[in-house]
2 protein chains.
Amino acid sequence: MNRDFTFTFGGAVSCVHIQGDTPSIGDIMDSAGKGASKAVLVCDTHTAPIARRILGDHPAPLCILQPGETSKNWASIEAVLRTGKDAGLARDGLFIGIGGGVVSDMTAFAASIYMRGAKLCLVSTSLLGMADAALGGKTGFDLFGMKNLAGTFYPAPLIYMPIAALSSLPGREWKSGMAELIKTAVLDNADEGGAFLALLASLKPLLQDLPISPRVLQGSLEPLVACIARSVGIKGRIVESDPQETGGERALLNLGHTFGHALESSAGLGRISHGEAVAWGMARACGLGRGLGITPKERGDALAELLRAFGYETAAPHPLMGDPRVFMKAIQGDKKKKAGKLNFVVPAQTGAVMVCGEQVDPGLLARVIGGVS
Amino acid sequence: MNRDFTFTFGGAVSCVHIQGDTPSIGDIMDSAGKGASKAVLVCDTHTAPIARRILGDHPAPLCILQPGETSKNWASIEAVLRTGKDAGLARDGLFIGIGGGVVSDMTAFAASIYMRGAKLCLVSTSLLGMADAALGGKTGFDLFGMKNLAGTFYPAPLIYMPIAALSSLPGREWKSGMAELIKTAVLDNADEGGAFLALLASLKPLLQDLPISPRVLQGSLEPLVACIARSVGIKGRIVESDPQETGGERALLNLGHTFGHALESSAGLGRISHGEAVAWGMARACGLGRGLGITPKERGDALAELLRAFGYETAAPHPLMGDPRVFMKAIQGDKKKKAGKLNFVVPAQTGAVMVCGEQVDPGLLARVIGGVS
């Protein structure tokens, strides 16, 4: 099942290895290349067993964070930096993040600022990490209640995606990661026949009975690995074309995220999983695109049906949305604003397009979000 | 007296304007180019009057930090980020740092992580800022007692050096900045005749009676501006050749800093000014270079004499060094270590060279530092 990718993000090379099992720390230190003299491992309490397996009897220290979005904060970053400092890492020291999106984002951010940039390897253990977070260099943590308010662009030169790690993934995490896979499939311009979306739909039985038993996982390995590999390929190529989201193409990867991030904020960070928020956000983006005459009805309907089939909430307003004014304030704080104007990504005939917020009638936006008077 | 420079640091363009007076916020917003829709100003209690003059009646908020090395910490960074967030800055918002090295380092770091990178302008109001800190993209703050443990490379696209700001500079700050000017002159390979060092020596009367009166400053404007401009040119070209200190040439700018940073740490951050520590560090580098047969005796003697003439402590051990074991531990934590090995920059026949720590006999190192048994 091994698949290897090499991307170049604005001069930084990123190698991705999709493989069966986790690498050993020896494999990682060898692949991290010359000069990585010392390493620290970062994980959370869920991924600590995987981290200990990777570590073996190597003396590198382990920094174990609390899991989940609520610990994606400066205190966690400081804990990672302190582990590096106490272990005597210099600028050529290696930070190895072992976990899902949260551990990836935080380890990569800490590495990016440690002595102005240390070495970095990510071992992605969740579907969300493999489908999205580990690849492309976006790092960050939440601040003042805003998702990823602080962050950097710092692509990991070395990324492992060990499929075996998914066998211990909680059900909620499967659902969170699947939404990012669906998002990438919607963005896939080459997917005119809808083959990628159909492949994803074939994974539905996988999510019927969560968490997935190792036997069921084993039986669905082939299409699952194919979906992850296709997603890695699509996202990698988009990021290669616009590494720091200056040109516009990378911003398309935010499909569902403008609405989704605002939902995460207004519900209270950590109350709804990132992927579930993004899935709901994609349904909103379809509604907006329909209202603007951009998203074809059949495409919007098919996507909504797929999302519902995977058990995502697609109706507006979202039951966890809370105060609509808080939601609207959060959406106004979106990072993708330019010259004070919001931008939205909406599905088109194929792929998706960016729409300038000025073209969006406030009444249409309110109807799409729901509950906003 | 206006001098303008344009550098390219690995794809990032940095424009430097040496000029008489401070720019207005209107000038800055115009020069910051399209799309900088909102701005926040960052200063410390010393530079707040300058910041208010720049601001005029513009509604941008002012974030006033406590001055000095002891406030170069995460709490200050968070205050800057919060000001940006509360003012509704998006990724295209502009952070304007008005102050010396500490304000420059912190504003630039905050801008570099705000929504993964916002716009940045630095108005350098101290000699240290003009001679060194504002230019070249190194940002950072102190953590766990270690200088600049956390930081990024984030060159400011727009830098002003208003000479008038120096008229309110405290005496200690003059002394701190002069050391970085001397360092740059030592590094100047083109200065075989020692013209730059002689020009600096001509500024000695300026520092006899600190703080400098506006009348004395006015009388020495021409050589002072010439020294700052020459320093900007030399540093800019070195950084252009090695923007992120990967190739080795930029590391030469750390002349005096391996010893100096360790002294700052062991004395207790903020107890000795950065420049005074660097001056002492340069005297150590000369001693080391002499012991290794790299620094010619005459050059080492001339530099030590110049440093003493400016009133710098050049003897070892330094009276504020404190526990030599703390000093040695700090030196071992130096960011420039590679594969666990320290590196030192020492003056050569012209310019300076990097010496691998392995070539340095521990006994020689102990004698050079002094007080180490």
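Summary table below
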quantity: Other-copy label distances relative to B:Leu320, 7 angstrom Cα-Cβ extension, nm; calculated: 5.2
quantity: Of B:Lys183/B:Lys204; A:Lys183/A:Lys297; B:Lys147/B:Lys183; A:Lys175/A:Lys335, pairs whose Cα-Cα distance is over 22 Å; calculated: A:Lys175/A:Lys335
quantity: Rough spin-label spacing in nm, given labels placed 7 Å along Cα→Cβ, for B:Ala75 and B:Asp361; calculated: 4.8
quantity: Candidates B:Gly84, B:Gly293, B:Gly268, ranked by Gaussian network fluctuation over chain B, Cα under 10 Å, top entry; calculated: B:Gly293
quantity: The range A:173-369 - convex hull of alpha carbons, volume per residue in Å³; calculated: 115
quantity: Residues with amide H under 5 Å from that of B:Asp44, placed H, sequence gap 5 or more; calculated: B:Leu65
quantity: B:Val326 paired with B:Ala195, simple spin-label distance in nm, labels 7 Å along Cα-to-beta-carbon; calculated: 4.6
quantity: Cα long-axis angle, helix A:74-86 against chain A (0 to 90 degrees, to the nearest 10); calculated: 20
quantity: For the range A:3-169, alpha-carbon Rg and Dmax in angstrom; calculated: 14.1, 40
quantity: The protein assembly as shown - mean residue ellipticity at 222 nm from DSSP helices (-39,500 (n - 2.57) per run, n ≥ 4, rounded to 500); calculated: -12500 deg cm²/dmol
quantity: Cβ-based net charge around A:Gly140, under 11 Å, with every Lys or Arg adding one and every Asp or Glu removing one; calculated: +3
quantity: Degrees, to the nearest 10: B:221-241 long Cα axis against longest axis of chain B; calculated: 80
quantity: Under 22 Å between alpha carbons - lysine pairs in the range B:1-146 that sit 8 or more apart or on different chains; calculated: 9
quantity: Percent RCO, i.e. relative contact order, over the range B:163-224, from Cα pairs under 8 Å lying at least 6 residues apart; calculated: 45
quantity: FRET efficiency estimate (nearest 0.05) - Cβ-Cβ, B:Arg237 to A:Met1, R0 51 angstrom; calculated: 0.50
quantity: GNM flexibility winner over chain A from A:Ala285, A:Ala352, A:Ala164 (Cα, springs under 10 Å); calculated: A:Ala164
quantity: GluC sites (Glu not before Pro) lying in DSSP loop within the range A:124-228, provided at most 11 other Cβ fall within 10 Å; calculated: A:Glu192
quantity: Under 19 Å from the Cα of A:Lys235 - aspartates and glutamates, other chains or at least 8 residues apart; calculated: A:Asp4, A:Asp105, A:Asp132, A:Glu180, A:Asp188, A:Asp191, A:Glu192, A:Glu245, A:Glu249
quantity: In sequence order, calculated HN-Hα J values of the range B:5-20 (Karplus, 6.51, -1.76, 1.60; Hz; x Gly/Pro); calculated: 10, 10, 10, 10, 9, x, x, 9, 8, 10, 9, 10, 10, 8, 8, x
quantity: Sites B:Ala348 and B:Ala309, calculated FRET efficiency, Cβ-Cβ separation with R0 30 Å, nearest 0.05; calculated: 0.85
quantity: Selected from A:Val42, A:Val216, A:Val123 as most flexible by GNM, with chain A as the system and alpha-carbon contacts under 10 Å; calculated: A:Val216
quantity: Shielding of A:334-343 by partner chains, average beta-carbon count, 10 Å; calculated: 5
quantity: Length added when fully stretched, A:Phe144-A:Val13, from 0.36 nm per residue minus Cα-Cα; calculated: 43.9 nm
quantity: Peptide B:89-98, shielding by other chains (average Cβ, 10 Å cutoff); calculated: 3
quantity: Estimated translational D of chain B in µm²/s (Stokes, Kirkwood radius over Cα pairs; 4 °C; 1.567 mPa s); calculated: 63
quantity: FRET efficiency, B:Glu298 to B:Glu222 (Cβ-Cβ, R0 35 Å, nearest 0.05); calculated: 0.75
quantity: Per-residue Cβ neighbour rank within 10 angstrom, fewest leading, B:Leu320, B:Leu135; calculated: B:Leu320, B:Leu135
quantity: On Cα atoms only, tilt of A:101-113 relative to the major axis of chain A in degrees; calculated: 60
quantity: For A:Ser231, B:Ser168, order by how many other beta-carbon atoms lie within 10 Å, fewest first; calculated: B:Ser168, A:Ser231
quantity: Rounded, prolate or oblate (a/c below 1.5 giving rounded, otherwise prolate when a/b exceeds b/c) for the range B:268-366 by Cα gyration tensor; calculated: oblate
quantity: Amide proton proximity set for B:Tyr160, modelled H, under 5 Å, gap of 5+; calculated: B:His17, B:Leu122, B:Val123, B:Ser124
quantity: Alpha carbon centroid spacing (whole Å) that separates the range A:123-174 from the range B:1-16; calculated: 37
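Bear in mind these aren't lab numbers, they're just calculated from the coordinates by the rules spelled out. Because the structure is predicted, anything quoted here is derived from the model rather than measured. Reconstructed Cβ throughout: ideal geometry from the backbone, glycine too, with neighbour counts over all protein chains shown.
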